[in-house]
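These notes are about the structure you will find just below.
The values are calculated or read from the model by the stated rules, or taken from the named source; none is laboratory data. Everything numeric in this text was worked out from a predicted model, so none of it was measured. Here the Cβ positions follow ideal geometry from the backbone for every residue, glycine too, while neighbour counts run over all protein chains shown. The area values use the complete protein model at the heavy-atom level, side chains included, leaving out ligands, DNA and RNA. Shrake-Rupley method; radii C 1.70, N 1.55, O 1.52, S 1.80 Å.
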Amino acid sequence: MAISLSTEDKLEYHFYPVTSGQVQFRVKAPNDAHVALTSGPHEGEPMYEVFIGGWGNTKSVIRKNRTKPEVAETETPGILTADDYRGFWIRWQDGQITVGKEGEQSPFLSYTEPEPFGVGYFGVCTGWGASGEWLIEARCIGDNPSHPHVSPSAPLEVQGLSTGSICWCDASGGMIPPGGVVGGRDDEPLYVGRAHHEGALIPGKVKPSHSVCYIPWGGAEHNKTDYQVLCGCNPAWVSASGGNIPSNAIPGGETEDGEPLFVGRVLHEDALTIGKVQPSHGVCYIPFGGAEIGFPEYEIMVSQ
């Protein structure tokens, strides 16, 4: 599925929410196809810009906060054309931004950011004598047609996994896909999430105002700007203890050794906090206050 749009010869971005660590698109333009990555639906700091086919369709660059010099650049003569669509992808994960051509795994442009921020929106525009036609890959469109919720195709290793009507949807930077499941609370609702870490896929809590998913691992609380949110279901929570896992418990991930992990929650210091149930350890671990804390008594998420 793709959304299509046109951009004028006007350096003014059209913004859309993004719920994964990648945007994939095709564009038909003679030069200067620009893509912005931002935390909100507007221009301003922090912001990355990717200029494809700039400088008369001879060069492509990554620019940070509209400041020169560019943080990355490469010669790309003839990379765009006004006669046909050319496909590209832009990915961001753990501070690394890569730009590549459709069908090619290796990027032609990359930059590593020492202080990454959560990307929640992307914007597109054309300029410098060029207008453009765009096709943007999308997996879910929001209720507001003027601001569709765009969930571009993600790298294979982080594709959402479905079990019946249950689906884990890619997200980043505090974004919550439509149908996201609330599983806890502190000063705001906490959503059921999970993220990759050290070869494991670990359930945890997504706190929108912090723009991250918090997960427990190795005695510490880790925050991830790229994560998945449980969507499209109405689970129940039942009391459990130790390694006694109900037969209808919903799998939420696995350890680096392949042991299944389940989604649990614990009321701790007036916060109902979501974490991982690890059966072999007989506890539910929650990420809290920078630490991984284990509780032998907990609630576990089950299908109804």
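Helix-only arithmetic for the chain: the sum of -39500 (n - 2.57) across DSSP H runs with n ≥ 4, divided by the residue total, places the mean residue ellipticity at 222 nm at 0 deg cm²/dmol.
Computing mean projected area of the Cα convex hull in nm² directly from the structure and comparing it against [x] 17.6; [y] 15.9; [z] 13.1 singles out [y]. Here each label is just a point 7 Å from Cα along the line to Cβ, and for Ser303 and Lys10 those points are 4.9 nm apart.
Its alpha carbons give the range 1-75 an Rg and a Dmax of 12.6, 37 Å. Note on the range 106-127 and the range 187-210: Cα centroid distance 23 Å, given to the nearest whole angstrom.
Modelled label positions at Ser280 and Glu115, each set 7 Å beyond Cα in the direction of Cβ, lie 4.1 nm from each other.
Each part gets one Cα centre, and for the range 18-41 versus the range 232-267 those centres are 37 Å apart. At 1.4 Å probe size, with the rest of the protein present, what percent of the exposed accessible area of the range 153-304 is carbon and sulfur atoms? Roughly 50 percent of what the probe reaches on the range 153-304 is carbon or sulfur.
Would you please classify the overall shape of the range 12-126 from the alpha carbon gyration tensor, given that a ≥ b ≥ c denote the square roots of the eigenvalues, rounded means a/c under 1.5, and beyond that prolate means a/b larger than b/c while oblate covers the rest?
Working: a/c = 1.44, a/b = 1.38, b/c = 1.04.
The shape class here is rounded.
Here the range 166-261 is treated as a sphere whose radius is the Kirkwood value from Cα pairs; by Stokes-Einstein at 25 °C and 0.890 mPa s it diffuses with a coefficient of 178 µm²/s.
Take every Cα pair under 8 Å whose residues are at least 6 apart in sequence, average their separation, divide by the length of the chain, and the relative contact order is 17 percent. In nm, to one decimal, how far is the modelled label at Ala220 from the one at Ile245, with both set 7 Å along Cα→Cβ? Going from the Ala220 label point to the Ile245 one covers 2.7 nm.
The HN-Hα couplings worked out from phi for the range 219-229 by the Karplus form 6.51 cos²θ - 1.76 cosθ + 1.60 (θ = phi - 60°) are x, 10, 9, 10, 10, 10, 7, 10, 7, 10, 10 Hz, whole numbers, x standing for Gly and Pro.
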